[in-house]
Every structure is written in structure tokens, then in C-alpha cells.
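Novice: Below is a structure I'd like to ask you about.
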């Protein structure tokens with residue numbers, strides 16, 4: 001058997017083992033089902049509702065209660081809430097996943113540099129010391145005030161605000177892996193630099209990083225919705241859930257669904273990701289104490 | 001048999017671990033043995049044979065509520081430790097029965113001084129004792145285990161001590177309340193060989209002084225031959241042979257015991273190769289039916305695969321659980 | 001130890017300097033001067049210049065930064081929008097935020113850590129699993145949604161409590177504090193639980209049990225002391241999230257605290273206010289961090305040994 005096929009076999013059997021353990025966890029399965037609905041909403045929203053419904057005003061049908069025609073009712077401008085919530089998935093979940101991916105990559109690069117060079121580690125860690133003294137929501141607020149609120153800026157802002165935390169986390173994992181005997185062995189046998197990071201360090205540090213990243217997606221989504229809620233995030237008429245909730249709030253006496261439906265959407269999205277994260281953690285490391 | 005002499009009697013002990021709804025692992029099955037006044041009973045076996053679990057279940061240190069279900073009886077001073085109340089159990093732990101563990105480095109609480117931890121075992125069992133008296137008792141105990149500079153050790157934290165020193169502290173702690181029985185779960189496995197010899201020597205001396213009975217668990221034949229009066233050999237959660245140490249070593253009856261002794265290097269003999277036991281210890285999850293050793297046993301027969309053999313009594317002291325032993329008896 | 005403390009507090013000064021420098025650099029990208037941003041468009045240039053002069057917006061970017069530092073040292077920094085001294089404005093707002101934050105933090109810490117310990121001690125029990133489910137659910141609900149539901153239920157529908165403002169005295173605190181507490185507890189209790197379980201699974205816990213220690217003693221003396229390290233670290237994160245969360249909470253309940261002050265300042269490009277508020281919030285966080293290190297040094301003999309050298 002050649003080396004690569006053997007490697008592949010080990011990887012696939014580990015994957016099967018993790019998948020089997022994951023499938024035994026009911027909560028994790030619920031999370032996955034919820035997330036597949038979200039994924040469906042992101043990919044196929046235009047098959048269910050035409051995109052123009054999101055911003056289509058209907059002066060005759062303002063604040064209609066949920067009914068057969070408008071499943072989630074209409075808002076104060078007569079827009080269909082179902083269409084808006086459905087398309088809002090792309091925004092909130094997109095921001096959450098996008099910002100996590102960017103800060104994951106940035107954090108991984110910075111942390112790898114830290115793990116390889118003691119000097120760079122010192123400099124980077126001092127910068128992070130300063131950065132992590134500013135509450136991340138404050139940092140996000142500041143940057144949004146300058147950049148202005150839209151989806152791309154939200155992603156940039158949130159990923160920068162959380163890159164400090166990410167780097168610290170990944171660095172801790174990497175440093176513990178660097179101390180392992182197999183990395184020392186690889187170093188002794190002459191592997192160094194980028195090859196050492198990609199072949200020996202990162203693969204072995206992947207599990208905890210993956211779990212941390214999953215959990216971050218949910219906190220990013222909550223932050224994104226929170227920022228839009230206080231008017232600093234994605235501006236209307238974009239159907240951002242937090243912003244929808246804010247504008248719906250004014251009508252909570254007559255139309256509480258305008259507040260409850262976007263709120264529930266945020267909560268369900270965050271819940272699905274949290275459940276998946278929990279499930280992954282348990283499946284990847286069954287011995288760890290939950 | 002002289003009942004006066006027996007200090008601990010274990011009858012039909014079985015310990016099951018419920019891993020999840022479907023799987024239950026039988027860590028120990030139908031184990032019976034006894035410990036007599038002043039003797040050292042060695043329990044010998046490879047890792048995973050249930051020896052540690054047996055020790056833990058005597059003091060009920062296994063997570064009972066959730067995973068471990070011990071059944072049978074463990075009689076100590078006419079009390080069944082498996083069913084006695086938590087209060088009674090608490091009285092016995094650390095006072096009548098003490099225990100020493102395998103990992104001295106992690107067995108001491110890192111945040112309390114050695115003195116605190118030694119005094120605790122006195123004060124827990126005698127809440128009204130004067131602090132000075134507890135301190136004196138602790139200092140005496142440190143001196144007994146021959147730690148140099150006891151004053152300094154008393155005030156220091158575990159992380160400043162070496163593994164050997166920490167194990168000495170554990171021994172001092174275990175013997176502080178002059179227990180009737182001391183359970184040692186691989187106490188020297190984690191130590192260097194030279195330190196190991198010192199600790200074993202110390203234990204033997206302390207045992208002679210105090211007359212405490214000892215259960216000494218190990219996988220090391222050399223260690224057990226220095227410590228034990230009688231030996232019980234375990235495999236796959238079951239007892240396979242029991243007898244006086246010298247007799248078991250000179251005339252092992254069970255094929256597993258023979259294999260163990262054969263695979264141990266001997267200084268007097270010079271063999272070109274050590275005998276090995278083929279295969280490896282089956283995991284608890286797929287323990288074979290019948291005699292757990294049959295798939296590694298060269299002399300296995302059809303009946304071995306079906307049912308665990310009954311006890312064969314060679315003489316009052318020496319017993320084995322193997323179909324072959326019975327045959328040898330009738331032949332000879 | 002005292003030398004170490006002094007060192008740590010001195011170390012805070014350059015850190016805080018970097019924090020405000022960083023904030024200043026970000027804010028300096030915002031277009032317009034205070035007069036253009038705050039006075040009507042038709043204001044003559046002379047008036048504008050006078051306004052800028054008065055609030056200290058003169059000279060170069062670097063010059064203004066040092067001007068701000070000077071003002072900070074003498075306790076006289078002017079707000080770009082009101083032209084008042086920031087410290088008088090802060091004096092009115094800081095107590096509210098501090099009270100809100102400290103109250104929420106103490107309640108959340110007490111409940112979160114308490115529930116976490118309870119969960120760990122009763123692992124696998126019905127209580128434990130239901131607490132876990134509740135924690136996962138509440139960790140997913142955004143704070144502003146919880147605030148909205150609380151407002152709807154207790155203020156709008158029943159009229160029991162005020163839904164915004166500070167006019168009703170202690171009653172005004174109930175909803176904001178509850179919101180902050182409810183959103184911080186899930187993380188605190190879950191992490192405390194795992195820290196406690198981790199401690200309870202250590203070998204020295206088995207030793208303590210074998211010694212004959214009561215279960216109470218095992219939990220409260222042996223396990224909790226060891227679990228206090230991750231728990232304290234965790235409380236620090238909790239404090240940070242409450243500091244950050246207070247910005248959102250104050251804006252939902254329209255409370256006149258630092259959070260709303262900061263938010264309006266950010267929107268109004270009021271650089272001195274933004275810098276000062278960030279300075280205060282970061283300083284609170286840094287002091288908490290120093291306190292945490294002191295606690296570690298007090299409780300961990302290994303750390304203590306390092307300082308005594």
C-alpha cells in the first residue's frame with residue numbers, strides 16, 4: 001500500500017468514527033437538521049419567494065397578521081415578513097460564517113508565526129494584549145462608525161474584532177502541539193518552517209480549533225444582529241434580522257410577531273450552530289469532560 | 001479455615017461498567033479472595049485485568065451512581081462494605097483501610113502543603129484533636145518514611161518534591177491512622193527502579209513494625225516476589241490462580257501463570273529467548289466466552305470456549321481455575 | 001508581591017496609551033471637523049473656527065492627540081458636541097453604568113458559578129441535564145431579544161416595571177440587570193461545570209475520598225480550590241461581555257450611562273468622548289485582569305514561588 005492511500009484510509013476511518021459518534025448525539029442531530037434548513041434558505045430562497053418581495057411595499061396591506069397569504073404577516077410598510085426573514089438568513093448567517101472564516105485564517109497565520117518564532121511571538125502577543133483590552137463590541141462599533149454599515153464592512157469589522165481572541169486560542173493549541181514528541185521528532189529529522197506547520201502541527205491542532213470556530217460562528221451572528229439592532233450594522237431596507245427586530249419593536253403592542261419572528265430566527269440560527277459545535281466537540285474527543 | 005485470622009473477605013465480587021445503554025463491560029467477574037492478618041496478598045496481572053478495579057471497589061472509590069455496579073460481598077469486620085452506609089464507609093476509609101495509588105505526582109492536591117494534607121487524614125477522623133497533636137502525628141509519620149528534613153517537607157507543596165518523595169508522603173499518610181489493611185495499587189510503577197527498591201524496602205519494614213495487612217497490586221513479577229506472602233493471579237477480570245508466593249512461582253499451574261513467569265527474565269538462567277504469550281489481552285468490550293484466556297492458550301480445548309472452569313483445589317492453599325489442572329491431578 | 005503589583009499597574013499605563021492611540025487613529029479617519037459636524041450648514045466660517053478653537057480642535061492630527069493627553073492629565077477635556085468638560089458629563093453617567101455593571105456581574109457570577117457547581121456535583125442527574133439544555137437555549141438567544149420580551153411582558157402588558165429610563169429608582173434597574181444576567185449565566189454555568197468536573201476527576205480527589213473526607217469537604221475544599229483557576233479566568237471574560245453588553249443594554253433601555261454616551265459619541269464623531277470612554281472601559285478590564293493575577297499568585301504555590309524569587 002502506498003503511503004498516501006494508507007494516510008487516506010486512516011483519515012477516512014477516523015472520519016467515520018467521528019461521524020458515528022456524532023450521529024449518536026440527539027441534540028447534535030437536531031442542530032444539523034436546523035442548519036440544513038438554514039442552508040436551504042440561503043441557497044434556494046429565490047425558488048420559494050421571488051427576491052423583489054423583500055422590498056415590495058404594499059400600502060394596502062400594512063401590519064397584516066400572519067395568514068395564508070403572508071405566513072409571517074407584513075410589517076409597517078406592508079412588506080412580507082416571511083420573504084424578509086428568508087432572505088435575511090443570507091445576511092446574518094453569511095456575516096457569521098464569513099467573519100469566522102476570515103478571522104480563523106488570519107488567526108491561524110498569526111498563531112503559526114508565533115509557534116515558529118519566539119521573537120515574532122513576543123511582538124504579536126503584545127499587540128494582542130492591547131487589542132484584547134478593548135471590548136470587542138466596542139472595537140466593532142468604532143470601525144463600523146468609520147466604514148459605514150453594510151454586509152462587507154460588517155464581515156471585515158467582526159473578523160478584526162475577534163481576530164485577537166482567535167489568535168490567542170489557536171496559539172495556545174499550537175504551542176501545546178509543538179511540545180508533543182512527534183513534532184520534536186519531525187524537527188529533529190529536518191522538517192522545518194511551513195512544511196512543519198502544515199504537515200505536523202496544524203493537522204493535529206485541528207480538532208479544538210474547529211470546535212472553537214463553530215462556536216464563534218454563533219457569537220458572530222449574535223453580534224451582527226446586535227449591532228444592526230442598535231443601528232450600527234446593516235442598514236435598512238436590507239432584511240437584517242436585528243434591524244427588522246428593532247423596527248418591529250415599535251409595534252409590539254399591535255403586532256408582536258414583528259419582534260418575535262426575527263428574534264426567533266436569530267435564536268434558531270445561533271442554536272443550530274451551538275448544538276453542532278457541542279456535538280462536534282463530544283464526537284472529536286469523547287473522553288473530554290463536557 | 002480460621003476465621004479469626006481473616007481480616008477482609010471478598011465474595012463473588014463482580015463489577016460492571018455501563019458505558020452506554022447498549023454496552024455493559026464486565027471489569028471483574030465472580031471474584032472471591034481473602035486477606036489474612038499481617039500478610040501481604042499480591043495481586044498479579046496485566047493491565048486491564050481488573051486488579052485496580054477490584055482495589056477501588058473495596059473502598060467504593062468507583063463512580064457508583066453512574067457507571068460501576070459492584071455486586072457480591074466485601075466483608076470487613078463483619079460489615080459488608082458494598083452495602084454499608086456512607087457514614088460507616090467514611091469512618092473506615094483512611095482509618096481502618098488505607099490506600100496508596102499508582103501516580104504519586106497527581107495523587108496529592110497541588111494547592112495544599114504536605115503538612116496540611118497529612119494532618120487532614122488525622123483531623124477528619126478525629127475532629128476534636130488539638131492542632132498541635134495532629135501536627136506532631138504528621139511529623140512523626142514523615143520521619144517514619146525516612147524523608148530528610150521533615151520540617152521543611154511539612155511546609156512545602158507537592159510540586160517541590162520528586163515522585164519518590166511524594167510516594168513516601170502518600171505512604172506516611174496511608175499509615176498515619178495505623179490502618180488494619182493497606183491497599184497498594186501499583187505504588188512503585190511510576191518510579192525509577194532505584195527509587196522503587198527503596199520504597200519497597202521501606203514498605204516491608206513498616207509492615208513488620210505495624211503488622212498491617214497489605215493488598216499489593218502489580219504487574220511486575222520481580223516486585224511481587226519481594227513483597228508478597230501469597231499471590232493471586234488475575235486475567236480478564238477473573239482469578240486464575242491463587243497460592244503461596246513461592247509455590248506459585250516454582251510450580252505454576254494455570255497456563256497463564258506459566259506464561260507470565262516464562263516471559264520474565266531470570267538472572268540465574270541464561271536462555272537465548274524469553275517465552276512470550278501469543279496475542280494480547282482482549283479488550284473488555286470483546287472478552288471471549290468461557291475462559292477469557294482460551295484464545296491465547298496453547299492447550300485450549302473445546303470446553304474452555306464454552307464455560308469458565310470450576311475451582312481446582314490442589315491443596316488448602318493453592319487453587320487454580322483451569323480444566324487442565326484437574327486432569328493433572330487425576331493423572332498424578 | 002507589592003513590587004509585582006506596582007509593576008503591573010505601571011505596565012497598564014503604556015497599554016492604555018496604546019489603546020487610546022489606536023482608538024484615536026481609527027477616529028481620525030472620520031471626515032469633518034466638530035463645527036461642520038455639529039453646527040448648521042449655513043454657519044459662517046468665523047463662527048465655525050471659533051467653535052473648533054473652543055473645543056480644542058486645532059493644529060495637526062498629532063498635535064490634537066497630545067492636546068488630548070494634556071487635557072486628560074489636567075482633567076479638562078472638552079466634548080466636541082456640547083463643548084462641556086467630559087469629566088463633568090462622565091461624573092453624571094459613570095455611577096449608573098458602574099452600578100448596573102457591578103450588580104449584573106455579581107448576580108451573574110453568583111448564579112452562574114453556583115449553578116455550574118451544582119450541575120457538576122449532580123452530574124448526569126435530571127437537574128444537570130435540564131440545566132444544560134436551558135443553558136444551550138439561552139446562550140443562543142440574543143440579549144436585545146430577551147430585553148424586548150421582558151419589556152413587552154413586564155412593562156408594556158402589565159405595567160409593573162418601567163421599560164426605559166431611570167426615573168423609577170431601583171425599579172428601573174430590574175429589567176436591564178435581568179437581561180444582562182440572563183445572557184451571561186449560560187456561558188458561566190457551563191464553563192464552571194466543566195472546570196468543576198475536570199477538578200473532580202483528578203487523582204487527588206480520589207485520594208481525598210480514600211482518606212475518609214466527607215463529600216462536602218471533597219467538593220468545597222479540594223475540588224473548588226483547584227477549579228477556581230479556570231472559574232476566575234472565566235469571570236474575567238464574563239466581565240468583558242458585561243462591559244460590552246452594557247452598550248447594547250443601555251441603548252435598549254435608553255439609560256443615561258457610559259454606553260449610550262459612547263454610542264452617541266461614535267455616531268457624532270465626538271473623538272475625545274470616544275477615547276475617554278474606551279479608556280475607562282479598558283482600564284476597568286485591565287484592573288480586573290491584574291486582580292485575577294493577584295488571586296492566582298495568592299492561591300497557587302507554583303506562581304507564588306515564582307514571585308518570591
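Novice: Go from 0 up to the bin containing the longest alpha carbon distance in the range B:104-178, width 10 Å each, and give me the % of pairs per bin.
Specialist: 22, 59, 18, 1
Novice: What FRET efficiency would be calculated for the residue pair residue C:287, residue C:203, taking the C-beta separation as r and a Förster radius of 35 Å, to the nearest 0.05?
Specialist: Values: r = 36 Å, r/R0 = 1.04.
It comes to 0.45.
Novice: Here's a follow-up. Peptide C:212-221: average number of partner chain Cβ atoms within 10 Å per residue? Write down the numbers at each step before the final one.
Specialist: Details: counts 16, 7, 4, 2, 0, 3, 0, 0, 0, 5.
So the per-residue partner count for this stretch is 4.
Novice: Over the Cα atoms of chain A, what Rg and Dmax result, in angstrom?
Specialist: When restricted to the Cα atoms of chain A, Rg and Dmax are 22.3, 76 Å.
Novice: Using the Cα atoms of the protein assembly as shown to build a convex hull, what is its mean projected area in square nanometres? Each step should come with its number before you reach the end.
Specialist: Working: hull surface 201.2 nm².
Projected area, direction-averaged: 50.3 nm².
Novice: So how far, in whole Å, is the C-alpha centre of the range A:105-176 from the one of the range C:56-93?
Specialist: Each part reduced to its Cα centre gives a spacing of 29 Å.
Novice: Enter the angle in degrees (range 0 to 90, nearest 10) between the Cα long axis of helix A:257-284 and the first principal axis of the Cα atoms of chain A, meaning the one along which they spread out most.
Specialist: Between the helix axis and the principal axis of chain A, the angle is about 20 degrees.
Novice: Between helix A:3-23 and chain A, what is the angle of the helix's C-alpha long axis to the longest principal axis, kept within 0 to 90° and rounded to the nearest 10?
Specialist: 40 degrees
Novice: Could you compute the FRET efficiency for residue B:6 and residue A:184, with r as their C-beta to C-beta distance and R0 at 51 Å, rounded to 0.05?
Specialist: On the way: r = 53 Å, r/R0 = 1.04.
Once rounded, the FRET efficiency stands at 0.45.
Novice: Taking every pair of alpha-carbon atoms in the range C:172-251, what share in percent sits in each 10 Å bin, from 0 to the bin with the longest distance?
Specialist: 17, 36, 23, 16, 7, 1
Novice: Also, I was wondering about something else. If I model a spin label as a point 7 Å beyond the Cα along the Cα-Cβ vector, how far apart are those points for residue C:158 and residue B:305 in nm?
Specialist: Roughly 7.2 nm, to one decimal.
Novice: Which FRET efficiency value, to the nearest 0.05, is calculated for residue C:267 and residue B:75 with the Förster distance at 56 angstrom and r the Cβ-Cβ distance?
Specialist: Working: r = 78 Å, r/R0 = 1.40.
For residue C:267 and residue B:75, the calculated efficiency is 0.10.
Novice: Same structure, new question: Compute the helix-to-body angle for B:114-125: its Cα long axis versus the longest principal axis of chain B, expressed 0 to 90° and rounded to tens.
Specialist: 80 degrees
Novice: Restricting things to Cα coordinates, could you compute the convex hull volume per residue of the range C:258-309 in Å³?
Specialist: Details: hull volume 4.1 nm³, N = 52.
So the per-residue Cα hull volume is 79 Å³.
Novice: Return, for the Cα atoms of chain B, the radius of gyration and Dmax in Å, separated by a comma.
Specialist: Rg and Dmax of chain B, Cα atoms, are 20.8, 67 Å.
Novice: If you build the Cα gyration tensor of the range B:1-148 and take the root of 5 times each eigenvalue, what three semi-axes come out, in whole angstrom, biggest first?
Specialist: Values: eigenvalues 184, 77, 53 Å².
The answer is 30, 20, 16 Å, longest axis first.
Novice: Rank these for me by crowding, A:241, C:170, A:71, going from fewest to most other beta carbons within 10 Å. Kindly include the intermediate steps, with their values, before the conclusion.
Specialist: On the way: A:241 30, C:170 6, A:71 15.
Going from least to most buried by this count: C:170, A:71, A:241.
Novice: Now for a different question. Can you give the percent of C-alpha pairs in the range C:2-74 whose distance is more than 18 Å?
Specialist: Within the range C:2-74, distances greater than 18 Å cover 54 percent of Cα pairs.
Novice: Would you mind giving the mean number of other chain beta-carbons within 10 Å of the Cβ of each residue in C:151-158, as a whole number? Can you show the working numbers first?
Specialist: On the way: counts 3, 6, 0, 0, 0, 3, 3, 0.
Mean partner-chain Cβ count within 10 Å for C:151-158: 2.
Novice: In nm, to one decimal, how far is the modelled label at residue C:28 from the one at residue B:220, with both set 7 Å along Cα→Cβ?
Specialist: Output for this residue pair reads 6.8 nm.
Novice: What is chain C by shape, rounded, prolate or oblate, if you read a ≥ b ≥ c off the alpha carbon gyration tensor as root eigenvalues and call it rounded for a/c under 1.5, prolate for a/b larger than b/c, and oblate otherwise?
Specialist: Here chain C falls in the oblate category.
Novice: Can you pull the one-decimal nm distance between simple spin-label points at residue A:253 and residue A:63, each 7 Å off the Cα toward Cβ?
Specialist: 0.9 nm
Throughout, read-outs are computed from the coordinates displayed, never taken from laboratory work. Keep in mind it's a predicted model, so treat the numbers as computed, not measured. In this analysis, Cβ positions are derived from the backbone assuming ideal geometry, glycine residues included, and neighbour counts consider all displayed protein chains.
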